[in-house]
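What follows is a set of notes on a single structure, which appears directly below.
The values are calculated or read from the model by the stated rules, or taken from the named source; none is laboratory data. In this text the structure is predicted, and so the values were computed from the model without any measurement. Note: ideal-geometry Cβ built from the backbone for every residue, glycine included; neighbour counts use all protein chains shown.
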């Protein structure tokens, strides 16, 4: 069959395979160089590409000389890479989906696509048309299809997964689906094909011209080959003769096509169009679609989430060996870049993220860890962010509480914690730290523009919208109960330490009093609001039930909203 | 009785010894815990956005409600957050409707009534004192412990209901006494640790933790005990500062659950302390 495949689409096959392989190889080399050259986080001196390659080789040799580590590695390969047990513990359906695609696809890749190098070597007398190979190929195909089906179902029904699924995710699923559907279609088209039947008789059979009708009768009646325009007079004697011929000529290398338990029913469904198919050799066309879709996926692999097929096993091994405790900083830097390429956008991190639900409030996709991973990877590989997105990215990054849940749950074994730490460091270098810290910087600027203490305060008449909004909040509205007894200021530990109450805004009672006077601007800028420990001593002691600390929180919220729109 | 253990975000990477020791202690006391897929308590986003705070906090209570379990927190900031959010939720019908509308997107709903405990309130109110006494196999006789109370569980007392006398609480001392150790009457036991100002007004925040270390030692403590993730991290930060300045070696600051685990013979040292020293 491989030879036959080669013959039918000789030029296209060789050409497309050569191009796809070249793109694949160049892509992989580009990636490997990138793993050692690119960096996530602030640039550090001394981390040249060579020093990182050296550190990697040093670490690798450290593993290879230690029997204990080899044992750990072996354990990681079996339990995490092959059996994917961590995924099974998390979510059975997800595990089942991935195992179906993973094992099914691996089976097809090694025993079908590479049959000349694997199946023919391992199994003496291997023929792609023989069972159990034909049967197993259908099993593997069904596994992938089931996996693909569950993948689509999950991405369409899980509300969080739906939010983060992008075109590349669906494209990968679609490519896989196309390969499988064209594979089954090809097998079915070949089953009904009279052309394939004649080719094979010529190549493998040794029978006379007058014996042919008998064989045709058997293959038509029992194995669904369609001979358009021909009417074969089927008699019991002819069938008997045909069965003997089949036994002598065909069965050594060709099992009953019914063993292809998916493609055979499919070929029966193709019966109505068999005439058109066989006259135009549609089987040859489907063959082209099949191998072209495979080669397209091959070429696309280094540039898509398919890359995880190669990278994720390695990241799982690293995680099995070192966990989150890589010693050398150079290797940490390399791992960060590498890990990003091992992400499959499966959405586990985002589904379990401690602050993920805040997407609903902040409408900021960078709250989601999986979205950040994708964007950090794109930035690292040469697609920088525009300033506005960078700002939003920073806000999302600093909502993360560094709880480490994503790293602990990641089915690909990524050390995300280290990536978050490095990106945060980088954002701080870029003067994009946590919004709360940025607000403090802004207030410092305001401070220098303020009139001095000697300038008398001019109270603006009229209603202040901020104060009016505070009056509507059941907690904040309590400010109007204040009679300036100063109990809050006297119990404030910050005032006690700084000893400062002369400058306006350094004591809590001044803030509350400013609100009573309708001076929201003064209250928002007050240093005590931003130096508040939130110890709630003032609120606890207030004889009038003014919720001072909660009012401070709301003032901070208002400034955050003014500066960042949320 | 079974509880949903709410360890808090900070235990995932920075202080894994907290849930680890807590689980060991609870298991010794025959308290069953389950670890649900909780999120953040809301405390870290409270100064950014009140709605965000409420959503995160109430979402956890909704998860606990779905499992019909009371919540057991290890951290005082988590405890205070959940308590405050529940109070706000109950008293603000508009927010109640908004939060539940957001929660129903992931199939959750909250209508109040989930009990919120902190490790200390659990030990003090829910577990038989004799059972705790009996499980202390290696009493910490002669060790003087300075309890650092932690603000967000204590205040606002009408909402948190942490101890009967918020101005002069004794709940921490009561539990320390059970271990055989002697609580120190520490002048700064109710003071803030300064962690909320870390990275925001670092020198001001660090002043508080240094004062706490200084006074605890002066007033005769052998160790400081905390029952809060943020306090604990601040004490670790303060410890590094003191060690870096090279003046003295500060007394250890440990978690309540580590103190108990030690007294119950479950832990040999104070995990993470000896190595730091």
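Here are some notes:
- Being without any contact (Cβ under 8 Å) to a residue 40 or more places away in the chain, out of contact with any strand residue (DSSP E or B) (no Cβ under 7 Å at 6 or more places or on another chain) and not in a helix (DSSP H, G or I) is a property that does not hold for residue A:396.
- Residue count for segment A:408-425, restricted to those that are away from chain B (no Cβ under 13 Å), more than 17 Å from the chain's Cα centre (by Cα) and crowded, with 19+ Cβ neighbours inside 10 Å: 1
- The sole residue among B:156, B:166 that is within 28 Å of residue A:491 (Cα to Cα), surrounded by 13 or more Cβ atoms within 10 Å (Cβ to Cβ) and at pLDDT 95 or above is B:156.
Conditions (1) free of Cβ contacts under 8 Å to residues at least 12 places away in the same chain; (2) surrounded by fewer than 19 Cβ atoms within 10 Å (Cβ to Cβ), marked per residue:
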{"position": "A:186", "(1), (2)": "no, no"}
{"position": "A:190", "(1), (2)": "no, no"}
{"position": "A:203", "(1), (2)": "no, yes"}
{"position": "A:232", "(1), (2)": "no, yes"}
{"position": "A:247", "(1), (2)": "yes, yes"}
{"position": "A:270", "(1), (2)": "no, no"}
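Each row is one residue, and each column tells you yes or no for (1) within 11 Å of chain B (Cβ to nearest Cβ); (2) without any contact (Cβ under 8 Å) to a residue 40 or more places away in the chain; (3) buried (at least 23 other Cβ atoms within 10 Å of the Cβ).
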| site | (1), (2), (3) |
| --- | --- |
| A:474 | yes, yes, no |
| A:480 | no, yes, no |
| A:502 | no, no, no |
| A:552 | yes, no, yes |
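- Among the candidates A:160, A:137, A:89, residue that is over 17 Å from the mean Cα position of the chain (by Cα), within 14 Å of another protein chain (Cβ to nearest Cβ) and part of a helix (DSSP H, G or I): A:89
- Residue list for segment A:364-391, restricted to those being without any contact (Cβ under 8 Å) to a residue 40 or more places away in the chain and within 14 Å of chain B (Cβ to nearest Cβ): A:367
- Of the criteria (1) buried (at least 16 other Cβ atoms within 10 Å of the Cβ); (2) assigned to a helix (DSSP H, G or I); (3) in contact with a helix residue (DSSP H, G or I) (Cβ under 7 Å, 6 or more places away or on another chain), which one residue A:39 fails: (2)
- Within segment B:31-63, being surrounded by fewer than 23 Cβ atoms within 10 Å (Cβ to Cβ), in contact with a strand residue (DSSP E or B) (Cβ under 9 Å, 6 or more places away or on another chain) and within 20 Å of residue B:96 (Cα to Cα) holds for one residue alone: B:63.
- Test: residue B:74 is farther than 18 Å from residue B:230 by Cβ and buried (at least 24 other Cβ atoms within 10 Å of the Cβ): no
- Counting only helices (runs of 4 or more DSSP H) that fall entirely inside segment A:493-566 and contain at least 2 residues that are within 17 Å of residue B:192 (Cα to Cα), the qualifying elements are A:493-498, A:527-530, A:537-541, A:548-564.
- When segment B:158-189 is filtered for residues that are farther than 13 Å from residue B:121 by Cβ, within 12 Å of chain A (Cβ to nearest Cβ) and in a helix (DSSP H, G or I), the ones remaining, listed by number, are B:158, B:159.
- Cβ separations smaller than 6 Å between residues 6+ apart or across chains give the following pairs from segment A:513-526 residues that are within 13 Å of residue A:469 (Cα to Cα) to residues that are in a helix (DSSP H, G or I): A:515/A:467; A:515/A:479; A:515/A:523; A:518/A:467; A:520/A:466; A:520/A:467.
- Any chance residue B:146 is within 14 Å of chain A (Cβ to nearest Cβ) and either surrounded by fewer than 19 Cβ atoms within 10 Å (Cβ to Cβ) or under 16 Å from the mean Cα position of the chain (by Cα) (or both): no
- Single condition residue B:222 does not satisfy, out of (1) under 20 Å from the mean Cα position of the chain (by Cα); (2) surrounded by fewer than 23 Cβ atoms within 10 Å (Cβ to Cβ); (3) away from chain A (no Cβ under 14 Å): (1)
- Looking across segment A:489-499, the residues that are within 11 Å of another protein chain (Cβ to nearest Cβ) and surrounded by fewer than 16 Cβ atoms within 10 Å (Cβ to Cβ) come down to A:496, A:497.
- Being under 17 Å from residue A:318 (Cβ atoms) and touching a helix residue (DSSP H, G or I) at 6+ places or on another chain (Cβ under 8 Å) is true of residue A:81.
- Single residue of A:203, A:209 found to be more than 27 Å from residue A:92 (Cβ to Cβ) and out of contact with any helix residue (DSSP H, G or I) (no Cβ under 9 Å at 6 or more places or on another chain): A:209
- Hits in segment B:89-129 (condition: touching a strand residue (DSSP E or B) at 6+ places or on another chain (Cβ under 8 Å) and closer than 10 Å to residue B:58 by Cβ): B:114
- Count of residues meeting criterion [away from chain B (no Cβ under 14 Å) and part of a helix (DSSP H, G or I)] in segment A:434-450: 4
- If the condition is being within 25 Å of residue B:118 (Cα to Cα) and either away from chain A (no Cβ under 11 Å) or outside any helix (DSSP H, G or I) (or both), then segment B:193-211 contributes B:193, B:194, B:198, B:209.
- Pick from segment A:527-547, criterion surrounded by 24 or more Cβ atoms within 10 Å (Cβ to Cβ) and more than 10 Å from chain B (Cβ to nearest Cβ), ranking: nearest to residue A:479 (Cα to Cα): A:546
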